[in-house]
Amino acid sequence: CAKNRGKAQYVIFDSEMHIQALKQLQLENDFRHALRYTEFVVYYQPIVNLKTGGLVGFEALVRWQHPTQGLLPPGSFINFAEETGLIVPLDSWVMYDACRQLREWRSHFPQQEHLRISINLSARDLGHPQLLEDMQDVLTEMQLPPHCLALELTESLLIENIDSTLRFLAQAKAAGIHISIDDFGTGYSSLSYLHQLPVDALKIDRSFVIPMQAERNQEIASTIITLSRQLGLRTIAEGVETNLQRQWLLNLGCTFGQGHFFGEALPASEIPALLCRETLMDEDFEMS
Ligand code: C2E
Ligand code: MG
Ligand code: MG
Ligand code: MG
């Protein structure tokens, strides 16, 4: 009868919820364990000058070396980390590790001291009052000039808490840290606030770069580049996969880019070989 069926449904629902809750709990446990025992690794993707191919820096992209599931991409845990607030200690660790790494590379390759490292921030990070002070402490510890660090923030993050975000950005900017708007063109772009933001660069989301065949995307990319130039900002294209895209972006006035055409994100151990090649190329250039 209805009464019994109701009860049975209740039991099934309850046990599904129970399984979900257990999974969530397990993930949270694993994540805390991973933070504690440093199972996270930072990969570095080259950011280059589109015209010369010369290296201008790296974007730090986190991965999780999971003990049973292998190397996990950020897409599989960033949302969870944001929901639970565990993104704050994670990003703080990424910032520290990336700066430590950059210091090491600079000491081995003094000619490459112009290189900048970009880190990604989430909305939760900005709510953390110590954030800027922590960054400045790390820069001091690593003897890095503040312009070596760039922060990538998405449009939606910027608008979420516009007042506190503006305050943070103004302070970071005054401290000499660079700021980029990430995935530009995918958020609720309110152009009216853009000129008020103390940002240095716009990063064109790869969805406008990859399907270059689609005329609409070309128009969007072209509009973003023009806008960025008019605001006096640098433009960095994401997802540059072919030489054709590189040329097309250059023609539109975009100066910098990253993507599989230049190199995917690499573990830190593979970066010195790249810096070695870069240094040799610079020397060749100086001699000629
Ligand atoms: P994002 O900041 O927009 O980073 C660019 C993403 O595009 C990276 O994915 C990169 O590997 C990928 N990519 C680069 N070039 C190409 C290309 O030519 N083709 C294609 N198809 N993809 C390319 P990844 O590493 O999986 O990171 C995904 C997102 O996770 C990032 O997007 C960023 O929003 C977030 N994320 C990564 N690391 C961190 C972190 O340390 N903290 C925070 N809060 N978020 C992070
Ligand atoms: Mg980014
Ligand atoms: Mg991006
Ligand atoms: Mg993206």
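The values are calculated or read from the model by the stated rules, or taken from the named source; none is laboratory data. Note that the structure is a prediction, hence the values are computed from the model and not measured. Cβ sites come from the backbone with ideal geometry, for glycine too, and all protein chains shown count toward neighbours. What goes into the accessible areas is simple: the full protein's heavy atoms, side chains included, and nothing from ligands, DNA or RNA. Shrake-Rupley method; radii C 1.70, N 1.55, O 1.52, S 1.80 Å.
Below, the figures for the structure above:
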read-out: Extension gain from THR68 to ARG277, taking 0.36 nm per residue of separation minus the Cα-Cα distance; value: 71.7 nm
read-out: Virtual paramagnetic centre 7 Å along Cα→Cβ of SER269, amide N under 17 Å, in the stretch 46-69; value: 63-67
read-out: Relative contact order %, the stretch 102-187, counting alpha carbon pairs below 8 Å whose residues are six or more apart; value: 33
read-out: Net charge, PHE77 excluded, C-beta distance under 15 Å - Lys, Arg +1, Asp, Glu -1; value: -2
read-out: Stretch gain in nm, segment THR84-ALA21, where the contour uses 0.36 nm per residue and the Cα spacing is subtracted; value: 21.3 nm
read-out: ALA174 versus THR186: modelled label distance in nm, points set 7 Å from Cα along the beta carbon direction; value: 3.3
read-out: Carbon plus sulfur fraction of accessible area for the chain, probe 1.4 Å, in percent; value: 53
read-out: Shape category assigned to the stretch 63-104 from the gyration tensor of Cα positions, a/c cut at 1.5; value: oblate
read-out: Spacing of the two label points (7 Å from each Cα toward its C-beta) at LYS51 and LEU244, in nm; value: 2.5
read-out: Ranked packing of 20-31, 192-203, most packed first, by mean Cβ within 10 Å; value: 192-203, 20-31
read-out: Whether the chain is rounded, prolate or oblate, judged on the alpha carbon gyration tensor where a/c under 1.5 counts as rounded; value: prolate
read-out: Angle in degrees between helix 215-230 and the longest Cα principal axis of the chain, rounded to the nearest 10; value: 60
read-out: Inter-probe distance in nm under a simple model that places probes 7 Å from Cα toward Cβ, at HIS114 and HIS147; value: 1.1
read-out: Charge dipole (debye, nearest 20) of the stretch 234-287; +1 at Cβ of Lys and Arg, -1 at Cβ of Asp and Glu; value: 280
read-out: Loop-located GluC sites (Glu not before Pro) in the stretch 249-288 whose Cβ has at most 14 other Cβ within 10 Å (DSSP); value: GLU264
read-out: Cα shape, the stretch 103-214, gyration tensor, a/c 1.5 rule; value: oblate
read-out: Vicinal HN-Hα couplings computed from phi for the stretch 231-237 (Karplus, 6.51 cos²θ - 1.76 cosθ + 1.60; Hz; Gly/Pro x); value: 7, x, 9, 7, 10, 10, 8
read-out: CD proxy at 222 nm, helix term only [per DSSP H run n ≥ 4: -39500 (n - 2.57); per residue of the chain; nearest 500]; value: -16000 deg cm²/dmol
read-out: Accessible area expressed per residue, the chain, with surrounding protein chains retained (probe 1.4 Å, Å²); value: 54
